[in-house]
Amino acid sequence: MEFIQKKKSNKHTFTLHDDYFNFAYEDKSGSGDTDFDYADFPQKSSVQIEQNEWLRNVGYLWIALGVFQLGYAIYTEASLSGKGFWIFIGAVCAIWAYFSKVKYTVFRSERGNIFIIQDKNHDEIIKQLNIRKKSQLLKWYGDVNPDNELKNEIKKFNWLVDQGVLTKEESEKKIAQAELLKKDNFELPGERLN
């Protein structure tokens, strides 16, 4: 499965494989790509906005200049002909700067940051990554490990609840299975001695 996002000079490609996904980007500053395990996809995110601040500020400056020019013409009772020109140009620049901005949802991980452009594919990309994350975490950690210490198993299943992979009830069942397994393993050597 692949998602391609394009906005201005930015192109982000998410290629979803069975066990990992690739995030590739191209923008005016360069390009790159990184492979991530689904399990490493972070829960928390932030929002980052990329916009042409210079264009926005010039637009505001021209609007202010136009308002001053218009106000001065009204004050001096001069002709108003052509006095709204800078207001119009400034408004065009400010509107252009507003509509050309790019909003990202940013997920920060140890292997790098994942930028998802806020467009029509945004929600579906996050949904697919979270579905596959849950599946991978269940595959890796969802079963009781008989070789692991009980306290580590309890920590593991509580962590899976924190990750949104298991419900509290599912976690309690897994912990009960681990406790029963450890109890059985503990009693067996004693039974053999008798």
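The numbers here are math on the coordinates, done by the rules we state, and not lab data. Keep in mind that what you see is a predicted model, and the values were worked out from it rather than measured. A quick note on method: Cβ atoms are made from the backbone with ideal geometry, for glycine too, and the neighbour counts reach across all protein chains shown.
For A78 and D18 in the same chain, what is the full-extension length gain: residue separation times 0.36 nm, less their Cα-Cα distance, in nm? Could the numbers behind the result be given before it?
Details: separation 60, 0.36 × 60 = 21.60 nm, distance 7.23 nm.
This chain segment gains 14.4 nm when fully extended.
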Notebook entry, point to check: To the nearest 20 debye, what is the magnitude of the charge dipole of the chain about its Cα centre, counting +1 on the Cβ of each Lys and Arg and -1 on the Cβ of each Asp and Glu?
Noted result: 760 debye
Notebook entry, point to check: By a straight-distance test (C-alpha under 16 Å), which aspartates and glutamates pair with K8 as possible cross-link partners, with residues fewer than eight away in the same chain excluded?
Noted result: E26, D27, E50, E53, D119
Item checked: Two-decimal log10 I(q)/I(0) for the chain, as the Debye equation yields it once each C-alpha is a single scatterer, q = 0.08, 0.11, 0.17, 0.18 Å⁻¹ -> -0.51, -0.71, -1.07, -1.13
Margin query: More than 13 angstrom separation, counting every C-alpha pair in the stretch 23-69; what % is that?
Written below: 76 percent
Next item on the list: Please state the charge dipole magnitude for the stretch 1-83, taken about the Cα centre, from unit charges on C-beta atoms (+1 on K and R, -1 on D and E), reported in debye and rounded to the nearest 20.
Entry: 760 debye
Checklist line | Listed residue (F115, T105, I49) projecting farthest to the positive dipole end of the stretch 1-132, Cβ model | finding: I49
Notebook entry, point to check: Using alpha carbons only, how many degrees (0 to 90, rounded to 10) separate the axis of helix 85-99 from the longest principal axis of the chain?
Noted result: 10 degrees
Note to self: Under 10 Å, Cα contacts only: if you run a Gaussian network model on the chain, which one of I116, I125, I95 comes out with the highest mean-square fluctuation?
What the structure shows: I95
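Semi-axes of the equivalent ellipsoid of the stretch 52-99: what are they in whole Å, largest first, if each equals the square root of 5 times a C-alpha gyration tensor eigenvalue?
On the way: eigenvalues 116, 16, 5 Å².
After scaling each eigenvalue by five and taking roots: 24, 9, 5 Å.
Between L55 and F88, what FRET efficiency comes out of the Förster formula 1/(1 + (r/R0)^6) with R0 = 22 Å and r the beta carbon distance, rounded to 0.05?
Working: r = 15 Å, r/R0 = 0.70.
According to the calculation, E is roughly 0.90.
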Notebook entry, point to check: Hey, if you put +1 on the Cβ of every Lys and Arg and -1 on every Asp and Glu Cβ in the chain, which of G30, V144, I125 ends up farthest toward the positive end of that dipole?
Noted result: G30
Checklist line | Pairwise label distance in nanometres, R111 with W140, each label 7 Å out on the Cα-Cβ vector | finding: 0.9 nm
Checklist line | Choice from F99, F157, F14 with maximal GNM fluctuation in the chain (Cα, 10 Å cutoff) | finding: F99
Notebook entry, point to check: Each label point is 7 Å from the Cα along the Cα-to-Cβ direction; what then is the distance between the points at K120 and I4, in nm?
Noted result: 1.4 nm
Margin query: Could you work out how much longer the chain between D33 and Q48 gets when fully extended? Use 0.36 nm per residue separation minus the Cα distance between them, nm to one decimal.
Written below: 3.5 nm
Checklist line | Inter-site label distance for N130 and N148 at 7 Å from Cα along Cβ, in nm | finding: 2.4 nm
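List the relative contact order of the stretch 1-126 as a percent without decimals, with contacts defined as Cα pairs under 8 Å and 6+ residues apart.
Numbers: 198 pairs, mean separation 31.8, N = 126.
Worked out over the stretch 1-126, it gives 25 percent.
For the stretch 142-188, build the convex hull from the C-alpha positions and give me its volume per residue in Å³.
Working: hull volume 2.5 nm³, N = 47.
Convex hull volume per residue, Cα atoms: 54 Å³.
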